[in-house]
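Working notes, beginning with the structure itself.
Just so you know, all these numbers are worked out from the coordinates, no wet-lab data involved. Everything numeric here is computed off the predicted structure, so don't read it as measured data. Neighbour counts run over all protein chains shown; Cβ positions are idealised from the backbone, glycine included.
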Amino acid sequence: MAAFDLEEQEQIATLKAWWEKWGNLLTIGAVVLAVAVVGWRGWEYYRNKQSGEASVIYASLMQAVEAKDAQKIREASGIIAERFGSTAYADLSALLAAEAQAAAGDRASAKTKLEWAAEKGNDPLTRDLARLRLAAVLLDEKAYDAALKQLAVKPNKAFAVRYADLRGDVLVAQGKPADALTAYKEALDGLGSEQGSQAFKSVLELKVDALGGGK
């Protein structure tokens, strides 16, 4: 029994020594882990709450677009961008509002929304699409250099053909047919066989022919 007690005391002594060496570190680690778990759960709650609130305002934006209410479109899209800029609804609302504003002839507001989406959009595809639409608006305004600047960014391959085609349109407007021809051929080369591409291919071929590139 005495030997057992001595062995037990040695184990306790060893445990105490180990704890004195590593106990504080383990305690700190446990606290950090607990804080991280609580923080993550808090962030998830906050994000879900943000998304839920943004969806309500986005619904009102869609109603405003349907009613062609320019003031409510500006207000709703502005609130989403300001308060819920980190949600997917911010991307959607910027593109939707810009489309409605451009259709109504309010190019200034449309440009503002597209610029926001091109620079701050949460999704890379949103940024690519926003740059494409912004370049089209700039082309209409004869701001050719600014349009080409938007199209100079390498987009996702889903938009590569459209970027090349629009770049060709801008170069034609600038009086640079040789460069435009190169852009149109790039678009043709990148065009796939997916449904609907045949009509677009025909348009591109007409553009190439008009520049003497079909011979």
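Distance between the pseudo-spin-label points of Val153 and Asp123 (7 Å out from Cα toward the beta carbon): 1.6 nm.
Of Tyr58, Tyr144, the sequence from fewest to most neighbouring Cβ atoms within 10 angstrom is Tyr144, Tyr58.
Less than 5 angstrom separates the built amide H of Asp106 from none of the residues sequence-distant by 5 or more or on a different chain.
Note on Ala59 and Leu206: the extension gain reaches 48.8 nm, defined as 0.36 nm multiplied by sequence separation minus the Cα-Cα distance. In order along region 64-69, the phi-based Karplus estimate (6.51 cos²θ - 1.76 cosθ + 1.60, θ = phi - 60°) of 3J(HN,Hα) comes to 5, 5, 4, 7, 6, 8 Hz; Gly and Pro are listed as x. Phi angles across region 95-101 convert, under the Karplus curve 6.51 cos²θ - 1.76 cosθ + 1.60 with θ = phi - 60°, into 3J(HN,Hα) values of 5, 5, 5, 4, 4, 5, 5 Hz, Gly and Pro given as x.
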